[in-house]
Amino acid sequence: MQLKRITTYLLFLLSCVLLQACNPDEFLVYEENTETRNVGDYIGNNFDLSLFYAALEKTGVLENITGSEKVTVYAPTNAAFNALGIYRPSDFDKLDQDSLKTMVQYHVLGRLLTSEEIPVSTLDARYPNLANKDLIISKYAGTSEWDKTKVFVNGAQATRFDIMLTNGVLNIVNACFKYNEGTVQDFLAERSQYSTFVAALKKFGHWDQLAQGEWSIVAPENIAFENEGITPDSIDRMDPTTFYNRFMAVYLFDTRIFLTDLDLSKQSLSPPIADDPRMSRGIYYNVDTRWFGVNTQETGQYGRFTPLSQHNKVNYLTANGTVHNIEKLLFRPDEAVLTNIGN
C-alpha cells in the first residue's frame, strides 16, 4: 500500500514537470485533423465557416468539394458574409438562387493550387474557377516571422492558406469575392445609389468610354451629391465647358486595380487627370487605410483626402475593371469652375 502511494505521488510530480515544460498554447489550440478529412467536411466542422457551408449545401456545390476530384477552395468567414448583410443560413433564401450558386462556384478552383505555385509580386495571375471565370491572385513573399507571406484573391486577403486536405487545398479569406457580369458602366447603371453619378458622367462626357478599356472607378453614392446640394436636375443645368475636367474625371482611373494591390506593391495609384494638368489625384496606401485624395501642383492648394469605403463596398470586379465606393465628393461645383483661377 505504501509503495502504491509513493508511485502515485511520483506520477503526479512527473505530470507537473511535463506541464511546466510545455507552452500553454499547446493545450489551448485545437488543430483539425487534415489527414483524413476532405475540404467539404473540414468546412462543415469549422464554426467560423458555417455560413459558407450553408451556401455550399444550398447550391449543391458541396458535392464538388467532397468527392475525389481535386479542388482549391477560398472560404469566406462568417464575418465576410456579415459584411454583406448575411447573418444566418435563412438569409440565403432571399437571394436569387442562380446568382448565389455562381457566387459560391466563384470561390472554387477545379484543381490544386498551393501558394508556392503563385508567382511572387504579380498582380494579375489568373486561374479559372467553377463559375468559368478567372480568379485574380497575387502574392507577396515575406522573408521572416515579422514580414509574412501574403496572398490576395480578387481583392480579399487569405488570412490562412495552404490547409492541405485529402482532396485539395483550403484557404480562408476575409471577404467574399464580388464579381458582376458586364462592364463598369453596366455596374453603375444597374444600381440606383449611383444614379446621380451616372447623370453627371453622361453630362460631362465621360460615360461612353466606360463601355470598353480597363477602369477603376471611385464611385460617389447619391448621398455624397445630396450633401453638397447637387441633384440630377442641377447637373442637367450645368455647362460642362465652364468646368475643369477634374470635376468628374477625378473619379476615373484607366486601369484595373484592387485596393489590396496597394498592400502588395506598397505604392499608390496616381495618374494625372486628362486635360487638367495642374491637378493630381490618387488612391494612396497608408498602413491599414486606403485614401482617395487630390492635390494641386501649387504648394498650399488642395490637399484633401478621404478614406474609401470599408471592404464590403470596394473591389467589385466587372468584365473591364473594378468599382470602389466613396461617401464624399472631392470637389464641389464652385471648386471646379474655370473662373476659379486660384485652383
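The values are calculated or read from the model by the stated rules, or taken from the named source; none is laboratory data. What you see is a predicted model, and the numbers here were worked out from it, not measured in a lab. Cβ: placed from backbone, ideal geometry, glycine included. Neighbour counts: every protein chain shown. SASA here: full protein model, heavy atoms, side chains in, ligands and nucleic acids out. Shrake-Rupley method; radii C 1.70, N 1.55, O 1.52, S 1.80 Å.
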Sort out which residues of region 67-81 are modelled with pLDDT of 95 or more and among the polar types (S, T, N, Q), and write them in order of number. Thr72, Thr77, Asn78
Can you tell me which residue is farthest from Leu123 (Cα to Cα) among those in region 231-258 that are open to solvent by less than 10 Å² (accessible area, probe 1.4 Å) and in a loop (DSSP other than H, G, I, E, B)? Val250
How about region 113-127: which of its residues are touching a Phe, Trp or Tyr at 6+ places or on another chain (Cβ under 8 Å), crowded, with 16+ Cβ neighbours inside 10 Å and hydroxyl-bearing (Ser, Thr, Tyr)? Ser115
If we keep only residues of region 149-194 that are among the aromatic types (Phe, Trp, Tyr) and open to solvent by 30 Å² or more (accessible area, probe 1.4 Å), then the residue nearest to Val120 (Cα to Cα) is Phe161
Just to verify a result, which residue in region 259-278, among those that are aliphatic (A, V, I, L, M) and either modelled with pLDDT of 80 or more or open to solvent by 10 Å² or more (accessible area, probe 1.4 Å) (or both), is nearest to Ala175 (Cα to Cα)? Leu259
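Being loosely packed, with under 15 Cβ neighbours inside 10 Å and not polar (S, T, N, Q), is that true of even one residue in region 218-227? Spell out the reasoning first.
Step one: of region 218-227, the residues loosely packed, with under 15 Cβ neighbours inside 10 Å are 223, 226-227.
Restricting the remaining residues to those that are not polar (S, T, N, Q) gives 223, 226.
Yes, some residue in region 218-227 is loosely packed, with under 15 Cβ neighbours inside 10 Å and not polar (S, T, N, Q).
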For region 130-146, enumerate the residues that are assigned to a loop (DSSP other than H, G, I, E, B), surrounded by 15 or more Cβ atoms within 10 Å (Cβ to Cβ) and of a type in the set (A, V, I, L, M, F, W, C). Leu130, Ala131, Ala141
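Is it true that some residue in region 183-190 is under 30 Å from Asp208 (Cα atoms), free of Cβ contacts under 8 Å to residues at least 12 places away in the same chain and in a loop (DSSP other than H, G, I, E, B)? Let's see the steps before the verdict.
Restricting attention to region 183-190, the residues satisfying the condition of being under 30 Å from Asp208 (Cα atoms) are 183-190.
Subset that is free of Cβ contacts under 8 Å to residues at least 12 places away in the same chain: 189-190.
Subset that is in a loop (DSSP other than H, G, I, E, B): 190.
Checking region 183-190: at least one residue is under 30 Å from Asp208 (Cα atoms), free of Cβ contacts under 8 Å to residues at least 12 places away in the same chain and in a loop (DSSP other than H, G, I, E, B).
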Members of region 84-112 found to be open to solvent by less than 10 Å² (accessible area, probe 1.4 Å) and touching a Lys or Arg at 6+ places or on another chain (Cβ under 8 Å), listed by number: Phe92, Leu100, Tyr106
